[in-house]
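Q: My structure is below; once you've seen it, I'll send some questions.
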Amino acid sequence: MIGRLNHVAIAVKNLDASAAVYRNTLGAKVSAVDTLPEHGVKVVFVELPNTKIELLEPLGPTSPIAKFLEKNADGGIHHVCYEVDDIIAARDKLKSEGARVLGDGEPKIGAHGKPVLFLHPKDFCGTLVELEQA
Ligand code: CO
């Protein structure tokens, strides 16, 4: 059911400094900063030949990323995003197998303007999983 790895997301305390590490030290192509109040994050995408890295900085203390950074002071891998062809069909199959979909279970529009859902880490090897309709 899942397709390509769309991105790996890394939570960071300082987006500008982290973007500079990827741009300058690692020599990658990094997008401009995008602010997504509905997701409580500021984000840049690092473009790699085969996938992307999403760097996430919390937007305010109530951001879900702020809690993650309390437990992971240096930042760290926050979620992985897999592509699916049909997000509603994928959600319904996962729910029928007992997996938990976060929030109200309805897809939201993610950072790429496409529908996304998040799945409970306890059901997926301790890793928060995002599904994006490709
Ligand atoms: Co993501």
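The values are calculated or read from the model by the stated rules, or taken from the named source; none is laboratory data. Everything quoted here is computed from the prediction, not taken from an experiment. Counting neighbours? That spans all protein chains shown, and the Cβs are built from the backbone with ideal geometry, glycine included. When the accessible area is computed, the model is the full protein with side chains, heavy atoms only, and any ligands, DNA or RNA have been set aside. Shrake-Rupley method; radii C 1.70, N 1.55, O 1.52, S 1.80 Å.
Q: ³J(HN,Hα) across the range 12-27 via Karplus (A = 6.51, B = -1.76, C = 1.60, θ = phi - 60°), whole Hz, x for Gly/Pro?
A: Running phi through 6.51 cos²θ - 1.76 cosθ + 1.60 with θ = phi - 60° gives 9, 7, 10, 5, 5, 5, 5, 4, 5, 4, 5, 6, 8, 6, 8, x Hz.
Q: Which value results when the Cα radius of gyration for the chain is divided by 2.2 N^0.38 Å? Before the final figure, lay out each step's value.
A: Details: Rg = 14.7 Å, N = 134, 2.2 N^0.38 = 14.1 Å.
The value comes to 1.04.
Q: Another one. Using the Karplus equation 6.51 cos²θ - 1.76 cosθ + 1.60 (θ = phi - 60°), what ³J(HN,Hα) coupling, rounded to whole Hz, does each residue of the range 42-52 give in order, writing x for Gly and Pro?
A: Result, rounded to whole Hz: 10, 9, 10, 10, 9, 8, 10, x, 10, 6, 10.
Q: Relative contact order, percent, of the range 1-132 when contacts are C-alpha pairs under 8 Å separated by at least 6 residues?
A: Across the range 1-132, relative contact order equals 25 percent.
Q: Could you please state how large a percent of the accessible area of the range 5-133 is carbon and sulfur, counting protein chains only and using a 1.4 Å probe? Let's see the in-between values first.
A: Working: 3790 of 7030 Å².
Reported share for carbon and sulfur atoms: 54 percent.
Q: Around Leu56, which amide H atoms from residues at least 5 apart in sequence, or from another chain, sit under 5 Å from its own amide H, with H modelled in the peptide plane?
A: Ile10, Ala11, Val12
Q: Return the loop-located GluC sites (Glu not before Pro) in the range 89-134 (DSSP other than H, G, I, E, B) with at most 12 other Cβ atoms within 10 Å of their own Cβ; answer none if there are none.
A: Hits after loop and neighbour filter: Glu97.
Q: For the pairs Lys13/Lys93; Lys13/Lys95; Lys93/Lys122; Lys13/Lys114; Lys29/Lys95; Lys29/Lys122, note any where the Cα-Cα span goes beyond 28 Å.
A: The answer is Lys13/Lys93; Lys13/Lys95; Lys29/Lys95; Lys29/Lys122.
Q: Once Lys and Arg get +1 and Asp and Glu get -1 on their Cβ, which of Phe45, Thr25, Cys81 lies farthest toward the positive end of the dipole of the chain?
A: Ranked along the dipole, the leading option is Thr25.
Q: Then there's this: With +1 on each Lys and Arg Cβ and -1 on each Asp and Glu Cβ, and nothing else charged, work out how big the dipole of the chain is about its Cα centre, in Debye to the nearest 20.
A: Computed about the Cα centre, the dipole is about 220 debye.
Q: Between Glu106 and Lys67, what's the calculated FRET efficiency when r is the beta-carbon distance and R0 is 22 Å? Round to 0.05.
A: 0.45
Q: Still on this structure, please answer the following. Rolling a 1.4 Å sphere over the protein heavy atoms, what is the accessible area per residue of the chain, to the nearest Å²? Mind showing how you got there, number by number?
A: Numbers: 7480 Å² over 134 residues.
With all protein chains present, the chain gives 56 Å² per residue.
Q: Could you run the Karplus curve 6.51 cos²θ - 1.76 cosθ + 1.60 with θ = phi - 60° over the range 90-103 and give me ³J(HN,Hα) per residue in whole Hz, x for Gly and Pro?
A: 5, 4, 5, 5, 5, 5, 5, 9, x, 6, 9, 9, 6, x
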